[in-house]
Each structure stands twice: as C-alpha cells, then as structure tokens.
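Q: Would you mind keeping the following structure in view while I ask a few things?
The values are calculated or read from the model by the stated rules, or taken from the named source; none is laboratory data. Predicted model, so just to flag it, every value in this text is computed and none were measured. Every residue, glycine among them, receives a Cβ derived from its backbone with ideal geometry; neighbour counts consider all protein chains shown.
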Amino acid sequence: MTIDTDLSLRAVTRGDVVLLSPVGRLDLSTYVGMRDGLLKHVAEQPHAVVVVLGPDLELGSDPLAAVFAAVWMRCCRWPGVPLMLVATTERHRRMLGRTGLSRFVPCHDRLDAALAVATTPARRHRNEMQLPPDTDAPHLARDFARRTCLKWNLRHAGPRAVLLAGELVEITRAHAGSTLVLRIERFPDQLTVAVRHTGPSPRAAGRRLDLTRIRRLSTACGNTPTLDEGRVLWAAIGICADDRG
C-alpha cells in the first residue's frame, strides 16, 4: 500500500495475522497516511496486526511514533484487533524506550515472540448478514440484531443493540449505494455493532455523518476506512454482569 511518495506499507500475511513493514520516512506530511493505512488493515479484522519497525523506516522525530498509540486506542473498542510493534533494529528499540510506547502498545524485539501472542485469537462470538441498500435494510437489521441477542442471552444489552443496528444501517444506507454488511460481535465485556459498505460513497460527497444519536446509545463509536475504499460505521456498548453469565 502506497501512503505517500515518501512512505508505504508492505503487507504480508502469516496465517490470520497481517505483518506490516513501513518503508520510507514518517514525518508530519505522512503521519495521517500512516494512521489511516494502519486503520484500514485493522478494519479487515485479522487475528492481529503486527507492525515491523525495520531499517527501511526513518522516523522524523520521537513524538511521531505516537501514531501507533493513536491507532491502538482506536482499535481497542472496535474491532478489538490486537496491534503490536516489533523493533528489529537497535535504533527503533531505543526510540520505543524513550517514548514509553510499550505502556500502551505491546512491543517485542523479535517477530517470533510477537507471533506467538498474535496467533491466539481473542474470545468472541460473531454473527453477520448482508443487507440491500434500500428502505427495508433498517428493519432487517433490527430483526437480525434482536434474534442474535436472544441467541446470546443478552437481555440487558439487547434493546440498545437493536436500536443501534437500525440507526447505523440507516445512516450508512443514506451515504452508500452498495450492499451493506451488518456484523455483531460479542466480547467478554462489550458488544459491538458494525455496518460496512464497499467502494467509494457517491452519496457522501460533501456530507458529514450525524452520529449524535449513535453517541447517545453507545459507549464508543467511530467511522473507519477500509482497504477497498469503503467505510465501517461502528458502535460499542458494555455488557453488564447479568449478561455475562
């Protein structure tokens, strides 16, 4: 993936883990591209994303390494994909020590150590369905969310998940002309509802998403780009103790 003429991300897969090797110079002009490039790979929901900091990456200054913490914070809520760093050079190891990134992002000196952790998937339940981008989509989404939450015995989180599914699909449908994919995931302490569309959004030109109601219903929400130029609109809610039994 080319981020800029001065920076790119080389991606290879190792089983269900994505290895990303930044090549070029990370500076103020390429910071946003690096952030969005990492988020796009995270949005594909592999078991983990491992960023390999090797000799081909030049860091303009230590504060720019905060891009990895920013992405880690964004993906903690959704999609819950672990992000890890592997410093293969002494220069990058010293940088990680100076910046204290390891307090937030898991850091390793060797790739095999990171892969040993990354190949253990997080505990989750997942259910998804495709929806047509028409007026029936929100109703179908709410019905799907209701049936999924009943199956998982989510009596307390279920009603909000049903509302969120309808709202997220309605917003996405208004901005995208492609088939939608609704995905509901249960983690140990939270439930996420996400709607994805593929390709650019011809209806979204010059329009901002109104997420006011989504924010009121959820504990966290966001709008994440994908590798196929689409977007994922997502929201997370906490699961109370009564729903965890």
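Q: May I ask you to list the residues in the stretch 21-64 that are in a helix (DSSP H, G or I), of a type in the set (G, A, S) and touching a Lys or Arg at 6+ places or on another chain (Cβ under 7 Å)?
A: Keep residues of the stretch 21-64 that are in a helix (DSSP H, G or I), which gives 31-43, 62-64.
Keeping just the survivors that are of a type in the set (G, A, S) gives 33, 37, 43.
Across the stretch 21-64, there are no qualifying residues.
Q: Would you confirm, using the coordinates I've provided, whether V81 is in contact with a helix residue (DSSP H, G or I) (Cβ under 6 Å, 6 or more places away or on another chain) and at pLDDT 95 or above? Step through it out loud before you land on a result.
A: Working: in contact with a helix residue (DSSP H, G or I) (Cβ under 6 Å, 6 or more places away or on another chain): yes; at pLDDT 95 or above: no.
Here the answer is no, as V81 does not meet what is asked.
Q: Go through T2, T88, T30 for me and flag whichever is touching a Leu at 6+ places or on another chain (Cβ under 9 Å) and surrounded by fewer than 15 Cβ atoms within 10 Å (Cβ to Cβ).
A: Values: T88 fails: surrounded by fewer than 15 Cβ atoms within 10 Å (Cβ to Cβ); T30 fails: surrounded by fewer than 15 Cβ atoms within 10 Å (Cβ to Cβ).
That would be T2, the only listed residue that is touching a Leu at 6+ places or on another chain (Cβ under 9 Å) and surrounded by fewer than 15 Cβ atoms within 10 Å (Cβ to Cβ).
Q: I'd like the full set of residues that are surrounded by fewer than 20 Cβ atoms within 10 Å (Cβ to Cβ) and free of Cβ contacts under 8 Å to residues at least 60 places away in the same chain, limited to the stretch 127-141. Break it down stepwise before answering.
A: So in the stretch 127-141, the residues surrounded by fewer than 20 Cβ atoms within 10 Å (Cβ to Cβ) come out as 127-130, 132-136, 138-140.
Selection gives N127, E128, M129, Q130, P132, D134, T135, D136, P138, H139, L140.
Q: If you don't mind, there's one more thing I want to ask. Tell me, yes or no, whether the stretch 184-197 has at least one residue that is surrounded by fewer than 20 Cβ atoms within 10 Å (Cβ to Cβ), part of a helix (DSSP H, G or I) and either in contact with a Cys (Cβ under 8 Å, 6 or more places away or on another chain) or not polar (S, T, N, Q) (or both).
A: The answer is no; no qualifying residue exists.
Q: So which residues in the stretch 43-57 are at pLDDT 95 or above and in contact with a strand residue (DSSP E or B) (Cβ under 7 Å, 6 or more places away or on another chain)?
A: We begin by selecting, within the stretch 43-57, every residue at pLDDT 95 or above; these are 49-57.
Correct list: V49, V50, V51, V52, L53, G54, D56, L57.
Q: Here's something else I'd like to know. Just name the residue that is surrounded by the most Cβ atoms within 10 Å (Cβ to Cβ) out of those in the stretch 59-80 that are closer than 19 Å to E185 by Cβ and of a type outside the set (A, V, I, L, M).
A: W78
Q: Consider the stretch 65-85. How many of its residues are of a type outside the set (F, W, Y), in contact (Cβ under 8 Å) with a residue 12 or more places away in the chain and assigned to a helix (DSSP H, G or I)? Step through it out loud before you land on a result.
A: Restricting attention to the stretch 65-85, the residues satisfying the condition of being of a type outside the set (F, W, Y) are 65-67, 69-71, 73-77, 79-85.
In the following step, the residues that additionally are in contact (Cβ under 8 Å) with a residue 12 or more places away in the chain were identified as 65-67, 69-71, 73-75, 77, 79-85.
In the following step, the residues that additionally are assigned to a helix (DSSP H, G or I) were identified as 65-67, 69-71, 73-75, 77.
Result for the stretch 65-85: 10.
Q: Another one. Among R10, R93, which is the only one that is in contact with a Leu (Cβ under 8 Å, 6 or more places away or on another chain) and outside the structural domain of V181 (by TED's automatic domain parsing)?
A: On the way: R93 fails: in contact with a Leu (Cβ under 8 Å, 6 or more places away or on another chain).
Answer to the check: R10.
Q: Every residue in the stretch 86-130 that is in a strand (DSSP E or B) and acidic (D, E), please.
A: Step one: of the stretch 86-130, the residues in a strand (DSSP E or B) are 86-87, 107-108, 125-130.
Correct list: E128 only.
Q: Can you tell me how many residues within the stretch 218-238 are buried (at least 18 other Cβ atoms within 10 Å of the Cβ) and either in a loop (DSSP other than H, G, I, E, B) or not small (G, A, S) (or both)?
A: Going residue by residue through the stretch 218-238, those that are buried (at least 18 other Cβ atoms within 10 Å of the Cβ) are 218, 221-222, 224, 226, 230-237.
Still in the list and also either in a loop (DSSP other than H, G, I, E, B) or not small (G, A, S) (or both): 218, 221, 224, 226, 230-234, 237.
Number satisfying all stated conditions: 10.
Q: Looking only at the stretch 20-56, count every residue that is within 19 Å of the chain's Cα centre (by Cα) and free of Cβ contacts under 8 Å to residues at least 60 places away in the same chain and tell me the total. Spell out how you get there, then give the answer.
A: At the first step, the residues of the stretch 20-56 found to be within 19 Å of the chain's Cα centre (by Cα) are 20-22, 31-52.
Keeping just the survivors that are free of Cβ contacts under 8 Å to residues at least 60 places away in the same chain gives 20-22, 31-35, 37-38, 45-46, 49, 51-52.
Summing the residues that are within 19 Å of the chain's Cα centre (by Cα) and free of Cβ contacts under 8 Å to residues at least 60 places away in the same chain in the stretch 20-56 gives 15.
Q: Now, a different point. For R93, all conditions in the list (1) modelled with pLDDT of 95 or more; (2) in contact with a helix residue (DSSP H, G or I) (Cβ under 9 Å, 6 or more places away or on another chain) hold save one; what is the number of the exception?
A: (2)
Q: Something else: If I filter the stretch 124-164 down to residues being among the acidic types (D, E) and either under 29 Å from P46 (Cβ atoms) or modelled with pLDDT under 95 (or both), which single residue comes out as nearest to the chain's Cα centre (by Cα)? Spell out the reasoning first.
A: Taking the stretch 124-164 and keeping what is among the acidic types (D, E), we get 128, 134, 136, 143.
Checking the rest, the ones that are also either under 29 Å from P46 (Cβ atoms) or modelled with pLDDT under 95 (or both) come to 128, 134, 136.
Details: E128: 16, D134: 26, D136: 27 Å.
Among residues in the stretch 124-164 that are among the acidic types (D, E) and either under 29 Å from P46 (Cβ atoms) or modelled with pLDDT under 95 (or both), the one nearest to the chain's Cα centre (by Cα) is E128.
Q: Would you check which residues across the stretch 1-19 are in a loop (DSSP other than H, G, I, E, B) and in contact (Cβ under 8 Å) with a residue 24 or more places away in the chain and list them? Step through it out loud before you land on a result.
A: Keep residues of the stretch 1-19 that are in a loop (DSSP other than H, G, I, E, B), which gives 1, 5-6, 15-16.
Listed by number, the residues that qualify are M1, D6, G15, D16.
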